[in-house]
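This report refers to the structure that appears directly beneath it.
Just so it is clear, none of the values below were taken in a lab; they were calculated from the coordinates. Remember, it's a predicted structure, so these values are computed and weren't measured experimentally. When we count neighbours, we look across all protein chains shown, and the Cβ atoms used for this are built from the backbone with ideal geometry, even at glycine.
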Amino acid sequence: MDFTVSEKMKTVLRMIDTFMRKEVFPFEASFFRHEFKELLPELEEKRNKVRQMGLWGPNYPEELGGMGLNLVEHGLISESLGRSPLGHYLFGTQAPDAGNIEILHLFGTDEQKEKYLKPLVKGEIRSCFAMTEVNTAGSNPLLMEGTAVKDGGDYILNGHKWYTTGADGASFAIAMMVTNPNASPAMRTSMIIVPCDNPGFNLIRNISIMGEKGSDYNSHGEVMFQSCRVSQKNLLGKEGHGFKLAQERLGPGRIHHCMRWLGICNRSLELMCERANERVIEVDGRKLADKEVIQNWVAECAAEIQAARLMTLSAAWSIDNLGMNKSRDEVSMIKFVVANTMQKVIDRALQVHGGLGMSDDTILAYFYRHERGARIYDGADEVHKASLGKRILRNYKKSSQK
Ligand SMILES: Cc1cc2nc3c(=O)[nH]c(=O)nc-3n(C[C@H](O)[C@H](O)[C@H](O)COP(=O)(O)OP(=O)(O)OC[C@H]3O[C@@H](n4cnc5c(N)ncnc54)[C@H](O)[C@@H]3O)c2cc1C
């Protein structure tokens, strides 16, 4: 297993680090004071600087103008960008657009690529992904109820979705709907592209999450598809292949998320250490950093971040070199290990900051609120543990029967 970073990548990572420290971290204060929507012009200026540096969409394939990186390299970039909630957006590689770009690239028709993929890659438009429903358990997508029924050359979509991230301001949604109710469970659904200005696509609200509704990209929408008519040309991939396409997003998407979370861990640990080194806690001038409990927390966090990081890079290497099928266990493991490591590191960093940690004067409270969801989205901890546990037990059953 080789995680050596090429000279070219080292230069790219240095450029990203400089940009993050000079242009992004200082801008976070505005991000707290204003709605995301209000900041769009300033964000676009920063995106233009990224474009001028030649670092736009670094994870995309070369034919789409990206850098043609492998997953380990992609992960290292995601880690660096993840240190700020604005990082991925400013480099044009934010979820769910990154995943949508991948499936459009792999499965889109020429017409779909021209109309949706091209402007999406350039960052001229945004998209969203509508799968989770209000009334059925997202943990078991086989329960999905939203339908797309054929009518002439069209589909008519009806369904009640939520947690459609970034629906506010998106140009189109990729909707997961039941098209083949009588097929085998894995073949019941399809992905269909729905322009958001379709009169049957209704954004009901941005859901208030831990006290924040957000706006535009920084929001999660509740969406009703009401007799929403779209051409059958908007089917993405083959009919009944919705879950198959979702699986395609899985590997790269998971590395992207986990390395982003590790970026959050690194930033939180950095803030924790800086605060502990400067905060005087005793009359004789001793600081928080002199307390054994804080030294223990710092050591534990650093060790757990390192363990989670190596697991994630190993999973990335495995997908690159052995393929997704042989990497399934590692990909399941990193999801819950990294999400829980992140939650612990953010919590400790916040504790070290005391009242300052609870305020929005540092990024920690934002991380604390927004990243709790990591243990739920993209498969809840319990679901990943159950399926991994079952696979491991099955393997032992086979070997004991040999
Ligand atoms: C911030 C955020 C962003 C999201 N973005 C998107 C998006 O862009 N598009 C989209 O379609 N969806 C999105 N989601 C939705 C997300 O994918 C679902 O919330 C997730 O799949 C869980 O589904 P659910 O909320 O219906 O919980 P449920 O399925 O009702 O599960 C509730 C809880 O039950 C437990 N549980 C579930 N199954 C099992 C089991 N088999 N064994 C033991 N315990 C179990 C888990 O603790 C789980 O948290 C997002 C969610 C969040 C929080």
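Structure above, values below:
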{"item": "Mean Cα-pair separation over length for segment 208-296, i.e. relative contact order, pairs under 8 Å, 6 or more apart, %", "result": "10 percent"}
{"item": "Placed amide H near H220: partners under 5 Å, 5+ positions off or other chain", "result": "G166, I207"}
{"item": "Cβ-based exposure ranking for K115, K122, in which fewest neighbours within 10 Å come first", "result": "K122, K115"}
{"item": "Tilt relative to the chain, helix 292-322 - C-alpha long axis, 0 to 90 degrees, to 10", "result": "30 degrees"}
{"item": "Distant-in-sequence amide H partners of R279 (H built 1.01 Å from N, under 5 Å)", "result": "L288, A289"}
{"item": "Nearest-ten-degree value, helix 7-19 long axis tilted from longest Cα axis of the chain", "result": "80 degrees"}
{"item": "Alpha carbon centroid spacing (whole Å) that separates segment 140-156 from segment 234-274", "result": "26 Å"}
{"item": "In Hz, Karplus ³J(HN,Hα) per residue of segment 192-199 (6.51, -1.76, 1.60; θ = phi - 60°; x = Gly, Pro)", "result": "10, 7, 10, x, 6, 8, 5, x"}
{"item": "Degrees between helix 242-278 axis and first principal axis of the chain (Cα, 0 to 90, nearest 10)", "result": "20 degrees"}
{"item": "Residue-by-residue Karplus 3J(HN,Hα) for segment 159-174, coefficients 6.51, -1.76, 1.60, Hz, glycine and proline x", "result": "x, 10, 10, 8, 6, 7, 4, x, 4, 5, x, 6, 8, 8, 10, 9"}
{"item": "Whole-Hz ³J(HN,Hα) from phi, Karplus 6.51 cos²θ - 1.76 cosθ + 1.60, for segment 96-105, glycine and proline x", "result": "x, 4, 4, x, 5, 4, 4, 6, 5, 5"}
{"item": "Cβ-based charge dipole, the chain, positive-most Cα from V283, A246, G82", "result": "A246"}
{"item": "Segment 1-134: relative contact order as a whole-number percent, Cα under 8 Å and 6+ apart", "result": "22 percent"}
{"item": "Mean Cα-pair separation over length for the chain, i.e. relative contact order, pairs under 8 Å, 6 or more apart, %", "result": "14 percent"}
{"item": "Span from the segment 159-220 Cα centroid across to the segment 1-61 one, whole angstrom", "result": "28 Å"}
{"item": "Efficiency of FRET from Cβ geometry, R279 and S30, R₀ 41 Å, rounded to 0.05", "result": "0.95"}
{"item": "Shape call, the chain: gyration tensor on alpha carbons, a/c limit 1.5", "result": "prolate"}
{"item": "Anisotropy class of segment 79-181 from Cα gyration tensor, a/c 1.5 cut", "result": "oblate"}
{"item": "Three-way shape label, segment 127-236, alpha-carbon gyration tensor, a/c 1.5", "result": "oblate"}
{"item": "Antiparallel DSSP beta bridges within the chain, as percent of all bridges there, nearest 5", "result": "85 percent"}
{"item": "Sorted peptide list for 195-206, 347-358, criterion being average Cβ within 10 angstrom, highest first", "result": "347-358, 195-206"}
{"item": "Principal axis dimensions, segment 237-276 - Cα atoms, whole angstrom, descending", "result": "56, 10, 9"}
{"item": "Cross-link partners of K385 among lysines (Cα-Cα below 30 Å; sequence separation of 8 or more within a chain)", "result": "K161, K244, K326, K335, K344, K397, K398, K402"}
{"item": "Segment 185-208 residues near the modelled K233 label - backbone nitrogen below 18 Å, point 7 Å along Cα→Cβ", "result": "192-199"}
{"item": "Spin-label model distance (nm) - N395 vs L13, 7 Å beyond Cα toward Cβ", "result": "2.9 nm"}
{"item": "Residues whose placed amide H lies under 5 Å from that of C128, excluding near-sequence neighbours", "result": "F172, A173, I174"}
